[in-house]
Amino acid sequence: MKLSISRDQLLKPLQQVSGVVEKRQTLPVLANVLLQVEAGRLVLTGTDLEVELVARAELAGSFSDGEITVPARKLLDICKSLPASAELELKLDSQKLTVKSGKSRFSLATLPASEFPNLEESRGSFSFNIGQKSLRKLIDNTAFAMAQQDVRYYLNGMLFEVSNGLLRTVATDGHRLALCSETADAATADKIQVIVPRKGVQELARLLSDDDELVSITIGNNHLRATIGNISFTSKLIDGKFPDYERVLPKGGDKVVLANREELKQALHRVSILSNEKYRGIRLQLSNELLRIQANNPDQEEAEEEVTLEYLGGSLEIGFNVNYLLDVLNVLRGANAKVVLGDSNSSALIQEVDSNDALYVVMPMRL
C-alpha cells in the first residue's frame with residue numbers, strides 16, 4: 001500500500017476520525033485508525049466499538065491499493081506538526097508505515113487490518129433526510145438534559161423520535177426534561193423511537209455545521225447511521241424503553257410568567273453564588289409583576305434579587321435547582337422566556353414566547 005496526499009487533505013478527515021478513538025483501550029487495535037486505499041480513494045475508519053466514523057478523501061497523486069492500521073494519535077500529531085503546504089507520502093514497508101514529507105521521515109508501528117473491528121450492518125432499516133442546521137439545533141437544544149452514568153441506562157442518551165415529516169429529540173435525567181422538534185423529510189405511518197447513547201450524540205454533534213446540506217439518517221435494529229458528504233457516522237443504540245415523555249409535560253398550569261431572558265438569567269446567576277454548593281437550591285417568590293429570588297447556604301450567607309416581569313395572578317413560592325433553570329435559559333434564543341407554573345409541587349414548563357419547537361420541564365425542589 002502506498003499513497004501521496006497533501007497535509008490539508010489528510011488532516012481534516014484524520015481529525016474527525018480520531019475524535020472517536022479513545023486514549024485508553026482494552027484492545028490495542030482500538031487506539032489505531034484503519035487506512036484503506038481503494039478505487040482512488042483513501043478511507044479512514046476509527047471506532048471504540050460503540051461509535052464508528054468513516055471519512056473519505058480523493059487521491060490525486062500516485063497510489064497502490066492496500067489496508068493497514070496505525071496509531072491514530074501519533075499520525076494526527078505528525079500531520080499537525082508539518083507545514084500547511086506539505087505533501088505526504090505514505091508507504092507500507094515490512095509491517096511499518098513510513099511517512100515522508102520534505103526532509104522529515106517517520107516510521108510507525110502497525111497492526112493488521114484483519115484485527116480491526118467492524119460495526120455490524122443491521123437489517124430492518126428506515127431512512128430519511130434532514131438539514132445539518134436543523135439536526136444541530138435539535139441536539140444543541142436538548143443534549144444538556146441527558147443523564148450521566150445513571151443506573152437507568154436508557155436515560156444516558158437521547159431519544160430520536162421520527163414521525164411523519166418530523167424529527168423530535170428528547171433528553172431527561174429524571175429531574176428535568178428537554179424536547180425539541182424540527183421538520184424532516186421522513187414518511188412513516190408509525191412513530192419510530194431509538195435511543196442514541198451519550199457519546200454517539202456528542203460525536204454526531206461535532207460533525208455538524210450550520211449549513212443546509214442534507215444529512216441522510218438510517219435507523220436499523222441496533223444502529224443509527226448518519227451520512228454527511230464524505231463522512232459516515234454509525235452509533236450503536238441503547239436497548240431499552242425511554243420513559244413516556246408526554247406524561248411528564250405539565251398540564252393545566254394557570255400561572256403564566258413572561259420575563260426578559262437575559263435579565264432573569266443574570267439575576268439567577270448572581271443569586272446562585274451564595275446557594276448551597278451541593279444542592280444548588282433557590283427560592284422563587286412570585287407576586288404581581290414581581291419575582292423575588294432568594295438563596296442561602298450552610299454558612300448563613302444569603303442573596304436576594306428582585307426582577308420585574310409580566311405576571312398577573314396569585315402569589316406562589318417554589319424552589320428549584322438553579323443550575324437546571326440556567327441550563328434552559330442558556331439554550332433559549334428569544335429575547336423573552338415564558339414560564340408556566342401550577343403550584344409549589346408542580347414542575348415548571350419553560351419555552352420561548354413565540355415558538356413551540358422546544359419545551360423544557362424542570363421539577364421543583366423542597367427547600
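The values are calculated or read from the model by the stated rules, or taken from the named source; none is laboratory data. All figures in this text were calculated on a predicted structure; none of them were measured in a lab. As a convention, Cβ positions derive from the backbone with ideal geometry for all residues, glycine included, and neighbour counts pool all protein chains shown. Heads up: the accessible areas ignore ligands, DNA and RNA and are worked out on the full protein's heavy atoms, side chains in. Shrake-Rupley method; radii C 1.70, N 1.55, O 1.52, S 1.80 Å.
For the reader, a short list of remarks on this structure follows.
- Calculated FRET value between LEU249 and ASN118, using beta carbons and R₀ = 56 Å, to 0.05: 0.85
- Dimensions (Å) - the range 280-366, Cα atoms, principal axes, largest first: 42, 26, 24
- Förster radius 22 Å - calculated FRET efficiency between GLU22 and LYS100, Cβ distance, rounded to 0.05: 0.15
- Sulfur and carbon atoms: percent of accessible area, the range 4-97 [1.4 Å]: 48
- With q set to 0.11, 0.12, 0.16, 0.19 Å⁻¹, the log10 of I(q)/I(0) for the range 152-225, from the Debye formula over equal scatterers at the Cα positions, is -0.29, -0.35, -0.63, -0.90.
- All Cα-Cα distances of the range 218-332, cut into 10 Å bins from zero to the largest, leave 11, 30, 24, 15, 16, 3 percent in each bin in turn.
- Cα-based Rg / Dmax (Å) for the range 1-135: 15.5, 52
- Whether the range 27-105 is rounded, prolate or oblate, judged on the alpha carbon gyration tensor where a/c under 1.5 counts as rounded: prolate
- Heavy-atom accessible surface of the range 213-356, averaged per residue, reaches 52 Å², computed with a 1.4 Å probe.
- Using the alpha carbons alone, the radius of gyration of the range 99-180 stands to its Kirkwood radius in an Rg to Rh ratio of 1.21.
- Against the empirical curve 2.2 N^0.38 Å, the C-alpha radius of gyration of the chain lands at a ratio of 1.21.
- Largest-first ordering by accessible area, 1.4 Å probe, given options HIS223, HIS269: HIS269, HIS223
- Two-decimal log10 I(q)/I(0) for the range 222-272, as the Debye equation yields it once each C-alpha is a single scatterer, q = 0.27 Å⁻¹: -1.08
- When ARG283, ARG73 are compared by accessible area of protein heavy atoms, the largest-first order is ARG73, ARG283, using a 1.4 Å probe.
- Fraction of accessible area attributable to carbon and sulfur, the range 273-367 (%, probe 1.4 Å): 42
- Rounded if a/c under 1.5, otherwise prolate or oblate - the range 75-139, Cα gyration tensor axes: oblate
- Estimated distance in nm for a label pair at GLU317 and LEU367, the labels positioned 7 Å out from Cα along Cα-to-Cβ: 0.9
- Straight-line cross-link reach from LYS2 at under 19 Å between alpha-carbon atoms covers these aspartates and glutamates, not counting any fewer than eight positions away in the same chain: GLU38, GLU58, ASP65, GLU67, GLU87, GLU89, ASP93.
- Our coupling estimate for the range 207-220, obtained by passing each phi through the Karplus curve with A = 6.51, B = -1.76, C = 1.60 and θ = phi - 60°, is 7, 8, 10, 8, 9, 9, 4, 7, 10, 9, 10, 10, 10, x Hz, Gly and Pro reported as x.
- Dimensions (Å) - the range 325-367, Cα atoms, principal axes, largest first: 30, 18, 14
- Restraint check, LYS236/LYS278; LYS12/LYS265; LYS74/LYS236; LYS74/LYS103; LYS133/LYS265; LYS137/LYS199, Cα-Cα greater than 29 Å: LYS236/LYS278; LYS12/LYS265
- Folded to 0 to 90 degrees: helix 261-272 orientation relative to the chain principal axis, Cα: 80
- Heavy-atom SASA rank of LYS23, LYS255, LYS74, LYS137 (probe 1.4 Å, accessible area, largest first): LYS23, LYS74, LYS137, LYS255
- Relative to the dominant Cα principal axis of the chain, helix 132-142 is inclined by about 50°.
- √(5λ) per eigenvalue of the Cα gyration tensor, the range 79-220, largest first, Å: 39, 19, 18
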